[in-house]
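The values are calculated or read from the model by the stated rules, or taken from the named source; none is laboratory data. All values reported here derive from a predicted model rather than from experimental measurement. Cβ placement follows ideal geometry from the backbone for every residue including glycine, while neighbour counts extend to all protein chains displayed. For accessibility, only protein heavy atoms count, side chains too; no ligands or nucleic acids. Shrake-Rupley method; radii C 1.70, N 1.55, O 1.52, S 1.80 Å.
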Amino acid sequence: MSATDPVFILGTERSGSNLLRLILNSHSHIAVPHPPHIVKYFAPLEPLYGDLSKDAAFRRLVDDVLRLLDTHIYAWEIPIDVEAIVRTAQPRNAFGIYVALYDQYKAHHGKPRWGCKSTFMIDHVEEILARFPGAKLLFLVRDPRDVAVSSRKSVFSTFHPWYTAQLWRDQQDAGIRWLDQLPGTTIQLLHYERLVGDPEGQTRRICDFLEEPFEPGMLRFFETDEARKSASLSESWSNTGRPVSAASVEQWKKGLTDRERLLVEYVARRPMERLGYTPVASAAELDAVVVGGPERARYWMEERANALKVEGRSLRKDQNVWRRWSRAWTLRAMRARLAMGAGA
């Protein structure tokens, strides 16, 4: 294992990944930018660019990735050497471009190691380990009932607990599979509740896993320019400008109705139990849950209504709302162009 091997925060949105990013980024050896989710957006589009071993096709992909980076909701504000990306990206695909960009980010900040907070990389672990056999994976988990409370207020998430629980279940199932397959030197399970309950102890544990010295400044992340910028951009990230707090633990006891809590436990039952989150409902109560068509239709309508509500709040509260909309429009335009064959 090399001290330059990257670090990946895997899991589900609204599980404390922004907090963990800022803690790690405050280490003198690790640069962890806010992620533009390059692999999430572009891996599905790769076949539409044609043969990426050919320079013309690969440059089109590079150009589109950089166009996405230009609209990133959390601007990187670093110079990008486009020719270096074209020259050094390995493999020649979205993942290779992503790695080349992160390499430039760490070099700009004078650090030997980069980290990635794109929790969606839980779906690309094989690709990560093929490129970086010594990579370190932090599988960050949080009680899905609290994730459901947090998600319904965030513009970056699903809103109804029915949908949030399904996403949580699927992503936790993926993480558990890797926990069962990979050695403890490669992947570490980290509970959000333990991180906020004992920030120094858990941060020291993380540093031991990463084979990095613990630095007290990691716990003063909220005093950094990076944290202040994060907190100012979106209401969803406002807590990143404050010291670690355990106030958000077990918010579900007040933030969910009994039916919503039961739904989350019903959907996420197996990974909850595996990860140490105990359902309130008995096994018999969970076995008896029925979610019929009319109820599912109501959840869909509530999801749409809440999306509009949160979007309106974001328009009033978030400084980066226009960048978020620009990103969405840019991606739609790219997909439309590629669908018409203009990318090949």
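Things to note:
- Leading residue by the ranking (nearest to Ala247 (Cα to Cα)) among those in region 158-200 that are hydroxyl-bearing (Ser, Thr, Tyr) and surrounded by 17 or more Cβ atoms within 10 Å (Cβ to Cβ): Tyr192
- Among the candidates Phe58, Phe8, residue that is in contact with a Lys or Arg (Cβ under 8 Å, 6 or more places away or on another chain), crowded, with 17+ Cβ neighbours inside 10 Å and free of Cβ contacts under 8 Å to residues at least 40 places away in the same chain: Phe58
Results for (1) modelled with pLDDT of 90 or more; (2) closer than 30 Å to Ala174 by Cα; (3) assigned to a loop (DSSP other than H, G, I, E, B); (4) open to solvent by 60 Å² or more (accessible area, probe 1.4 Å), shown as yes or no for each residue.
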residue	(1), (2), (3), (4)
Glu273	yes, yes, no, yes
Lys309	no, no, no, yes
Gly312	no, no, no, no
Trp322	no, no, no, yes
Arg337	yes, no, no, yes
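- Any hit, region 286-298, residues being of a type outside the set (Phe, Trp, Tyr), part of a loop (DSSP other than H, G, I, E, B), in contact with a helix residue (DSSP H, G or I) (Cβ under 6 Å, 6 or more places away or on another chain) and within 25 Å of Leu22 (Cα to Cα): no
- As for region 69-81, it holds no residue that is outside any loop (DSSP other than H, G, I, E, B), touching a residue at least 40 places away in the same chain (Cβ under 8 Å) and open to solvent by less than 20 Å² (accessible area, probe 1.4 Å).
- Leading residue by the ranking (least open to solvent (accessible area, probe 1.4 Å)) among those in region 11-55 that are within 29 Å of Arg228 (Cβ to Cβ) and of a type in the set (Lys, Arg): Arg21
- Qualifying residue in region 98-112 (condition: of a type in the set (A, V, I, L, M, F, W, C) and more than 16 Å from Ile38 (Cβ to Cβ)): yes
- Where a residue in region 269-288 is more than 19 Å from Leu140 (Cα to Cα) and its partner, wherever it lies, is acidic (Asp, Glu) and assigned to a helix (DSSP H, G or I), with Cβ under 8 Å and at least six apart: Pro279/Glu265; Pro279/Glu273; Val280/Glu265; Ala281/Glu265; Leu286/Glu265
- Within region 209-228, the set of residues being outside any loop (DSSP other than H, G, I, E, B) and open to solvent by 30 Å² or more (accessible area, probe 1.4 Å) comprises Pro216, Gly217, Leu219, Arg220, Phe222, Glu223, Asp225, Glu226, Arg228.
- Any chance Ala246 is touching a Phe, Trp or Tyr at 6+ places or on another chain (Cβ under 7 Å) and open to solvent by less than 60 Å² (accessible area, probe 1.4 Å): no
- Positions within region 39-51 being more than 22 Å from Val125 (Cα to Cα) and in contact (Cβ under 8 Å) with a residue 40 or more places away in the chain, in sequence order: Leu48, Tyr49, Gly50
- Any hit, region 262-270, residues being under 30 Å from Leu22 (Cβ atoms) and either surrounded by 13 or more Cβ atoms within 10 Å (Cβ to Cβ) or among the β-branched types (Val, Ile, Thr) (or both): yes
- Residues located in region 191-204, provided they are in a helix (DSSP H, G or I) and either in contact (Cβ under 8 Å) with a residue 12 or more places away in the chain or acidic (Asp, Glu) (or both): Tyr192, Glu193, Leu195, Val196, Gly197, Pro199, Glu200, Gln202, Thr203
- Within region 229-267, considering residues that are in contact with a helix residue (DSSP H, G or I) (Cβ under 9 Å, 6 or more places away or on another chain), acidic (Asp, Glu) and part of a helix (DSSP H, G or I), the one modelled with the lowest pLDDT: Glu235
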